Amino acid sequence: MTETTEQSIRTLGRTLVDEFGRGWSRGKVEVMMSVFAPEAVFTAGPFDEPLRGIEAVRGYWADVPLYQSEITFTAGEIFTVGPWFATEFKCTFRRRRTGEWVDARGSIFCESNGVLITEMRMYWERR
């Protein structure tokens, strides 16, 4: 892989992860979905079944505005290998029902078609 290609994947990854995070932190599911290709595959955790297609992914995230408030999302440096990019993330939010604070931290691994995310795998834990 050339340095230019690696840099372009890193730049694309930064743009997509930041937009995904902006959507999550604002409770805007459609903003989150705007980074996914129609045929995207999303895996929420290492033991979860992959969700296939944008509607299945949207269904997973649809409750964010209902159950999470005061959301903050930050992502670390973007790392690339071939068409894949990855980053660590931290997301804190307050549960609307109980007021309990949640600190979620983990990693995001993505593959893209050069424009949108075609596969996203999240590995995270809640504290």
Low-density loop trypsin sites (Lys or Arg not before Pro), the stretch 2-51, at most 15 other Cβ within 10 Å, DSSP non-H/G/I/E/B, are Lys28
Restricting to Cα pairs under 8 Å and 6 or more apart, the percent relative contact order of the stretch 3-126 works out to 26
Expressed in angstrom and rounded, the centroid-to-centroid distance over alpha carbons for the stretch 94-121 and the stretch 30-52 is 10
Ratio for the chain, C-alpha Rg to 2.2 N^0.38 Å, reads 1.03
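Bear in mind these aren't lab numbers, they're just calculated from the coordinates by the rules spelled out. All figures in this text were calculated on a predicted structure; none of them were measured in a lab. Every residue, glycine among them, receives a Cβ derived from its backbone with ideal geometry; neighbour counts consider all protein chains shown.
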